[in-house]
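Chemist: Below is a structure I'd like to ask you about.
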Amino acid sequence: MAEGSKFTDRAAELAGQAAAAAGPLAARAKELAEQGAAAAAPLVEQARVRAVQGVDVVAGSLDKATGGKYSEQIHSVAIKVEGVLETKPKVPPTDPTLKAKTADLPHETG
């Protein structure tokens, strides 16, 4: 049984060393993730604005192409799409020690 104890002790020792080595790497990864998110934010906002403008152009073109026959439906869909585009996305936590029990995906409620 002493052999099993030695194995467990050695495994615990190696796990401790791995955890100690991972600490600074996790901190650096968090820092880089935050820098990346900060750098991407203006680009995301610019893309959102352009997408909303594109929806307006497409809706106008469709309305013109259909001679206004489906104007109300086109306008309704355009408003819904723009609403989705104008909603700020949820920013996932960058701390790797925070773990969700379920996927953080949009879910429709009943």
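The values are calculated or read from the model by the stated rules, or taken from the named source; none is laboratory data. Bear in mind that the values here come from a model prediction, so they are computed numbers and not experimental data.
Chemist: Given the criteria at pLDDT 85 or above and either under 20 Å from the mean Cα position of the chain (by Cα) or among the aromatic types (Phe, Trp, Tyr) (or both), does GLY67 qualify?
Modeler: Here the answer is no, as GLY67 does not meet what is asked.
Chemist: Looking at LEU32, LEU14 in this structure, which one is hydrophobic (A, V, I, L, M, F, W, C), part of a helix (DSSP H, G or I) and within 24 Å of LYS88 (Cα to Cα)?
Modeler: Just one listed residue meets the conditions, LEU32.
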